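Undergrad: Got a structure for you, written out below as structure tokens; questions coming shortly.
Just so you know, all these numbers are worked out from the coordinates, no wet-lab data involved. None of these values were measured; they are calculated from a predicted model. Here the Cβ positions follow ideal geometry from the backbone for every residue, glycine too, while neighbour counts run over all protein chains shown.
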């Protein structure tokens, strides 16, 4: 049987002041950090967890993040390194729908999109303070045209449209591929763990924890919907890593990222 492989898809980088990256820690000055996606080539399909940012949209809406991205660092460019077409992606999984995690979704138009039920609701009807973060609607431009009383259903797995599957709670979405609720940064944030044959499990924090430094300091970043939940989710990631003997892969950690193997290299 085909073995699961994991590829890290380099999506470029952005920059923010450390006062945002390390809330109330007294740190200042710009810090540049990576943005990346995760391709899971699995016997049950090809899954991408997060798709980075769209350069044009990011430059237009949040130019202060100083985005840097080459054509090779787009989803099509990264997949081309692996001789994979965007149309061959079967599922896109989004940790959440902030612009630096869903900008490449639109390229995978044949894929089923998986997210937390509460995250899809937050994206459809963002709070005033969240509208900038949820401003990239390119992957589902008509989603906000749905009436507010259009119920998503109450089951554990709900089909919203032919392209969306919404989940709640922790889920194993394919053999050895797990989504863990790590709420707080957004209403429906998920982190991802993948079990492989020849190494320790890979636990991708997404924005429940930006970096090893955030974790060491137990210091959250700014821009969270619920700060207490975010702190609890950071602790949950520490506990999950210990429980599963997993390696943590941080979402926006330049120092750690330098030692990660990027596509076309595969973790197996």
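Undergrad: What is the mean projected area of the alpha carbon convex hull for the stretch 1-86, to one decimal in square nanometres? The partial results should precede the final answer.
TA: Details: hull surface 28.2 nm².
Taking the Cα atoms of the stretch 1-86, their convex hull projects to 7.0 nm² on average.
Undergrad: Given N residues in the chain, what is Rg(Cα) / (2.2 N^0.38 Å)?
TA: 0.93
Undergrad: Let me ask another. Calculated from DSSP H runs of 4 or more alone, at -39500 (n - 2.57) each and per residue, what is the 222 nm mean residue ellipticity of the chain, nearest 500? Show your work: numbers first, answer last.
TA: Details: 8 runs with 58 residues, N = 268.
Roughly -5500 deg cm²/dmol at 222 nm, from the helical runs in the chain.
Undergrad: Write down the percent of antiparallel bridges among all DSSP beta bridges whose residues are both part of the chain, to the nearest 5.
TA: Values: 33 of 46 bridges.
Bridges in the chain are about 70 percent antiparallel.
Undergrad: A further question on this structure: Between the alpha-carbon centers of the stretch 191-268 and the stretch 49-95, tell me the distance in whole angstrom.
TA: 20 Å
Undergrad: Now for a separate question. Counting other C-beta atoms within 10 Å, which of 1, 193 has the fewest, and how do the rest follow? Let's see the in-between values first.
TA: Working: 1 4, 193 23.
Starting with the residue having the fewest Cβ neighbours, the order is 1, 193.
Undergrad: If I model the stretch 1-152 as equal point scatterers sitting on the Cα atoms and use the Debye formula, what is log10 I(q)/I(0) at q = 0.15, 0.19 Å⁻¹?
TA: -0.83, -1.19
Undergrad: If you scale each eigenvalue of the Cα gyration tensor by 5 and take the root, what three semi-axes come out for the stretch 200-268, rounded to whole angstrom and sorted largest first? The partial results should precede the final answer.
TA: On the way: eigenvalues 97, 42, 18 Å².
That gives 22, 15, 9 Å for the three semi-axes.
Undergrad: Moving on to the next point. Could you give the distance between the Cα centres of the stretch 111-146 and the stretch 1-38, to the whole Å?
TA: 22 Å
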